[in-house]
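Student: Just passing along the structure, written as structure tokens.
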Amino acid sequence: MKIRPVVFSILYAATLALAPLPAGAEDDPAPPSAPLLAPLLITEVQTRSLGSAYEEFVELHNTTDQIIDFSSGRWQLEITARAASSWDDAAVVALSGMVLPDSTYVVGSKRAGVTYPDGAGSFFDAGLSDDGGHIRLTYSALLHDEEGECTPVRFVVDQVEWSRKTTVLLRTRLSMAGVSF
């Protein structure tokens, strides 16, 4: 299944309107250079190939002109089954390495014998279902309040859900204005 990085204006506008803002953010407009797209997007999900049910991968695309370095441990990919009602039991994949500007990064299943043409930067246990599932990309940061206290926050940068039964793809992108990567 190929997913193009397209902004769904109605869903995107509704998501921005409903997204909670950090304390004090109501008074501070986003800087003029804030990107419209998140710096990293889920652009392709493959639940199997013609050759093997284990050739699964998730492709991420760096939408910026900067290298995104995963060495800080702040970026994660979370995967749940179609029937999951929360993210509590999600398989968490810590991303490693880096992704170059305007380039892709592959997170592949670590099943023996599976290779990826451009290699994979990180791996997960095989198990993406053709029937549906949920994948989200998260970024962890520390937000500082007026008293100098730090609060850990995990932002959902991009999220994809799919289902064989409905043929509807739900995509969610949340605003991260003011968060530097």
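No lab work stands behind these numbers, since they all come straight from the coordinates. This one's a predicted model, so the numbers in the text were calculated from it and none came from an experiment. Heads up, the Cβs are rebuilt from the backbone with ideal geometry, glycines too, and the neighbour counts pull from every protein chain shown.
Student: For residue 111, work out the one condition from (1) closer than 23 Å to residue 162 by Cβ; (2) free of Cβ contacts under 8 Å to residues at least 60 places away in the same chain; (3) in a strand (DSSP E or B) it doesn't fulfil.
Tutor: Every condition holds for residue 111 apart from (3).
Student: Name the strands (runs of 3 or more DSSP E) wholly inside the range 32-102 in which the number of residues that are within 16 Å of the chain's Cα centre (by Cα) and surrounded by fewer than 17 Cβ atoms within 10 Å (Cβ to Cβ) is 3 or more.
Tutor: In the range 32-102, the matching strands (runs of 3 or more DSSP E) lie at 91-94.
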